[in-house]
1. Looking at the stretch 50-138, which GluC sites (Glu not before Pro) are DSSP coil and have at most 12 other C-beta atoms within 10 Å of their C-beta?
2. Listed here are the pairs K52/K106; K12/K52; K30/K84; K12/K92; K30/K52; which of them are more than 22 Å apart at the Cα?
3. How many angstrom lie between the Cα centre of the stretch 125-149 and the Cα centre of the stretch 21-89?
4. Calculate, axis by axis, the spread of Cα positions in the chain along the three principal axes, and write the results as whole Å, longest axis first.
5. Over all alpha-carbon pairs in the stretch 102-149, figure out the percentage whose distance exceeds 18 Å.
6. Taking amide H atoms as placed 1.01 Å from N in the peptide plane, list the residues 5 or more away in sequence, or in a different chain, whose amide H sits under 5 Å from that of A120.
7. Starting from the Cα of E130, step 7 Å along the direction of its Cβ; do the same at K51; then give the gap between the two resulting points in nm.
8. Residues with amide H under 5 Å of N50's amide H, sequence separation 5 or more or different chain, H placed in the peptide plane at 1.01 Å from N; which?
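A short reminder: the numbers here are calculations on the coordinates, not readings from a lab. Only a predicted model underlies this, so the values are computations on that prediction, with no experimental measurement involved. Cβ atoms come from the backbone with ideal geometry, glycine included; neighbour counts cover every protein chain shown.
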Amino acid sequence: METLFETPSVNKILRRIEMLTPVTPRRWGKMNVAQMMAHCAECMEMAMGNKKVQRSLIGRLVGPMLKHKVLDENPLDKNLPTDKDMLMVGPKDFAQEKQRLMDNIKRFTAAGRQGIPSHAHPFFGKMTTEEWARSACKHLDHHLQQFGA
């Protein structure tokens, strides 16, 4: 499975982000392309341990049982619910969010295995550095597919 610790995987993700434009239509969901990039940028900040999100009750109850879904080879399901703290509403600046997302991906990759802490995901619970790298890559792929990139 691809991770954000593999240069070819990171380069592929960055190329796909470069393909996006302010008017790229979504295939599913409610976010526009700028909101999606803001969402993904914040998720990368969470993966690096820079953004703290409270664990939800439902996450504490069922998250650990569903963690394998975000770590296996199968694509994520469309239209999954988004934690209220990670919802992006209102207008977002496309160019700014695109750059922020790409910078966050590059920071994560540059930090490497030694620089990304093992910490709890707000839904899935305790995650290792490797699990963060795999799940972040899969999450990015999911949203890039959402916009046909």
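1. On the way: sites: E73, E97, E130, E131; in loops: E73.
Passing both the DSSP loop test and the Cβ count: E73.
2. On the way: K52/K106 20 Å; K12/K52 28 Å; K30/K84 14 Å; K12/K92 24 Å; K30/K52 24 Å.
Among K52/K106; K12/K52; K30/K84; K12/K92; K30/K52, the Cα-Cα distance tops 22 Å for K12/K52; K12/K92; K30/K52.
3. 9 Å
4. Reported extents, whole Å, longest axis first: 38, 31, 27.
5. Working: 394 of 1128 pairs.
Value for the stretch 102-149 (Cα pairs over 18 Å): 35 percent.
6. Answer set, sorted by chain and number: M127.
7. 2.6 nm
8. none
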